[in-house]
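Working notes, structure below.
The values are calculated or read from the model by the stated rules, or taken from the named source; none is laboratory data. Predicted, not measured: the structure shown is a model, and the values here were computed from it. Quick reminder, even Gly has a Cβ in these numbers, built from the backbone with ideal geometry, and neighbours come from all protein chains shown. Please note that ligands, DNA and RNA were not included when accessible areas were found on the heavy atoms of the full protein model with its side chains. Shrake-Rupley method; radii C 1.70, N 1.55, O 1.52, S 1.80 Å.
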Amino acid sequence: MADADVELSPKEEEIRRVAVVNDVRVRSCPRAGLGVGSRGEKGGKNASRLRIGSWNIGTLTGKYIELGKILQKRKINIACVRETRWKGTRSRDIDGFKLWYSGSAGDKNGVGILVDRDLRELVVEVRRVNDRLMSIKLVVGGFTLNMISAYAPQVGLNQEVKKQFWDDLDEMVRSIPHTEKLFIGGDFNGHVGASVGVYDDVHGGYGFGDRNEGGNSLLEFARAFDLVIANSSFPKREEHLVTFQNLMGKTQIDYLLCRKCDKGLCTD
């Protein structure tokens with residue numbers, strides 16, 4: 001079930017700001033290796049499906065139990081979360097999921113990655129860079145999957161902070177072998193816009209609004225590393241493209257990225 005098919009309760013609305021829920025069909029992975037539901041259509045009887053979520057949750061404090069229930073309801077296997085606002089670098093169990101998180105000394109920023117009970121034992125590496133970047137590595141069946149949770153600096157922060165974020169993300173991606181799968185779930189605080197423009201190699205043509213400087217930075221980054229904005233590849237109604245709105249307007253700032261060679265794995 002895609003994000004478009006789910007109605008949120010009032011409590012769920014408090015931590016909405018949902019970027020996307022992508023179904024990723026991994027055709028090379030036998031069902032036994034994943035321990036999650038298998039779909040036979042198109043991919044054959046050995047095709048398994050992972051569902052990856054990308055969320056800006058505002059804060060984990062007082063909401064982590066509800067977050068676990070929402071992930072279960074939406075049948076999410078792996079979720080990248082941002083703005084956790086939790087201090088330190090630890091892990092904990094949350095209603096069937098295991099959460100690894102990376103925070104700062106202060107009560108701001110923070111990123112995390114949750115993995116469901118069927119995949120948590122397959123995590124072989126956790127890398128925490130700072131309160132804006134972290135990653136995990138899983139060995140699933142016959143392949144290695146890397147998940148990066150990213151939280152880009154807001155528009156008002158100085159250029160040095162922004163440059164440091166992109167430099168750190170650059171280093172993370174470079175360290176991952178091309179033979180391994182890579183997905184990045186992030187709040188990039190930028191708008192890639194509805195039009196493709198000169199970025200038809202990385203922008204799928206289904207975005208929202210106008211492009212800005214932050215969107216240009218994301219598109220240039222994707223181009224440099226042969227990535228695509230996965231959730232720009234599927235036509236959606238406006239309410240399913242917008243990931244944050246207030247009295248000032250609506251925006252799409254949360255994205256999932258993957259390697260171009262793996263674009264075919266994303267089915268929604």
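What the table shows:
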| quantity | calculated |
| --- | --- |
| Hits in region 143-159 (condition: within 21 Å of LYS260 (Cβ to Cβ) and surrounded by fewer than 21 Cβ atoms within 10 Å (Cβ to Cβ)) | PHE143, THR144, ASN146 |
| Count of residues meeting criterion [assigned to a loop (DSSP other than H, G, I, E, B), modelled with pLDDT under 95 and touching a Leu at 6+ places or on another chain (Cβ under 6 Å)] in region 51-87 | 2 |
| Residue list for region 241-268, restricted to those being assigned to a helix (DSSP H, G or I), hydrophobic (A, V, I, L, M, F, W, C) and either in contact (Cβ under 8 Å) with a residue 40 or more places away in the chain or in contact with a helix residue (DSSP H, G or I) (Cβ under 6 Å, 6 or more places away or on another chain) (or both) | LEU265 |
| Output for region 160-180, where each listed residue is in contact with a strand residue (DSSP E or B) (Cβ under 9 Å, 6 or more places away or on another chain) and open to solvent by 50 Å² or more (accessible area, probe 1.4 Å) | SER175, PRO177, HIS178, THR179 |
| Region 195-210, residues that are farther than 18 Å from CYS258 by Cβ and within 20 Å of the chain's Cα centre (by Cα) | PHE208 |
| Options ASP170, ASP200, ASP210, ASP187; residue that is in contact with a helix residue (DSSP H, G or I) (Cβ under 9 Å, 6 or more places away or on another chain) and acidic (Asp, Glu) | ASP170 |
| From the options THR59, THR84, residue that is closer than 23 Å to VAL242 by Cβ and open to solvent by 20 Å² or more (accessible area, probe 1.4 Å) | THR59 |
| Criterion (modelled with pLDDT under 95 and β-branched (Val, Ile, Thr)) met by exactly one of VAL115, VAL140, VAL111 | VAL140 |
| Check on THR179, hydroxyl-bearing (Ser, Thr, Tyr) and closer than 17 Å to ASN56 by Cα | no |
| Matching entry among ASP131, ASP168 (being acidic (Asp, Glu), closer than 19 Å to PHE221 by Cα and modelled with pLDDT of 95 or more) | ASP168 |
